[in-house]
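For reference, the structure discussed in these notes is given below.
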Amino acid sequence: MPDREAKKKTEIKKSAVSAPVEIGKPKEGSEKDIRWYVIHTYSGYENKVKDTLTRKVHSMGMDDTIIQILLPMHDEEEVKDGEKKVVSRKVFPGYLLIQMEVNDRSWYVVRNTPGVTGFVGTTTKPIPLSDEEAKRIIEGKDKKQTAKTDAKVGDTIKITRGPFADRSAVVLDVSDDRSKIKADISNFGTTTTIELEVGYFDLLHK
């Protein structure tokens, strides 16, 4: 009888040691394969999916397996009615970045979140981003995008702001990033070259 009880205790001890760790912090000395992945969502549901999945991860104690969920955004200058404004836009509409270890449980949790249509990759195996791709997206997500013009050399513009407002001018040069132009304006029988940023003129003729 004592031998049977001792054997039973040994079996219980072995079982406890070999039990897989799925939630909470990983065992000391072990490492999780944390990578960046991309998940596809229904258009317009990105923030809702992000919030729902974040709450689910916390409630299930999977913070060490699913680390971050990002909706990359950038600020973009937009010209409307002659006024330049900064608006926030999604870098990849319909997609979220997620930093996680993919295993059967984490895959199921993400894939079955309402609004998620799947991982980017094959139907059975998500494909991680390379470190360079992830870094480029994450570091570039907050950079402001400058408004650009479609003007070309020879086009006629109407100046909308500044001391020459309501005057016409002819485009002489367009900057490499298409955010500025140089134009000639007739001024009391002489020609003056001025530099204008996007938002200070309207394109009249292409």
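The values are calculated or read from the model by the stated rules, or taken from the named source; none is laboratory data. Computed from a prediction, not measured in an experiment: that's the story for all the values here. As a convention, Cβ positions derive from the backbone with ideal geometry for all residues, glycine included, and neighbour counts pool all protein chains shown. Ligands, DNA and RNA are stripped out before the accessible areas are found, and what is left, the full protein with its side chains, is counted by its heavy atoms. Shrake-Rupley method; radii C 1.70, N 1.55, O 1.52, S 1.80 Å.
General observations
- In the range 117-157, residue modelled with the lowest pLDDT [restricted to those that are assigned to a strand (DSSP E or B) and surrounded by fewer than 17 Cβ atoms within 10 Å (Cβ to Cβ)]: 145
- Some residue of the range 72-89 being within 21 Å of residue 137 (Cα to Cα), touching a Leu at 6+ places or on another chain (Cβ under 6 Å) and open to solvent by less than 20 Å² (accessible area, probe 1.4 Å): no
- Residue pairs meeting the criteria (Cβ under 8 Å; at least 6 apart or on separate chains; first without any contact (Cβ under 8 Å) to a residue 12 or more places away in the chain, in the range 155-181; second open to solvent by 40 Å² or more (accessible area, probe 1.4 Å)): 166/158; 166/160
- Selection count, the range 93-106, where residues are open to solvent by 80 Å² or more (accessible area, probe 1.4 Å) and either farther than 17 Å from residue 70 by Cα or free of Cβ contacts under 8 Å to residues at least 24 places away in the same chain (or both): 1
- Residue 182 satisfies every condition listed in (1) outside any strand (DSSP E or B); (2) open to solvent by 70 Å² or more (accessible area, probe 1.4 Å); (3) modelled with pLDDT of 80 or more except (1).
- Only one of 17, 38 that is over 30 Å from residue 166 (Cα atoms), open to solvent by less than 90 Å² (accessible area, probe 1.4 Å) and either modelled with pLDDT of 95 or more or out of contact with any Pro (no Cβ under 7 Å at 6 or more places or on another chain) (or both): 38
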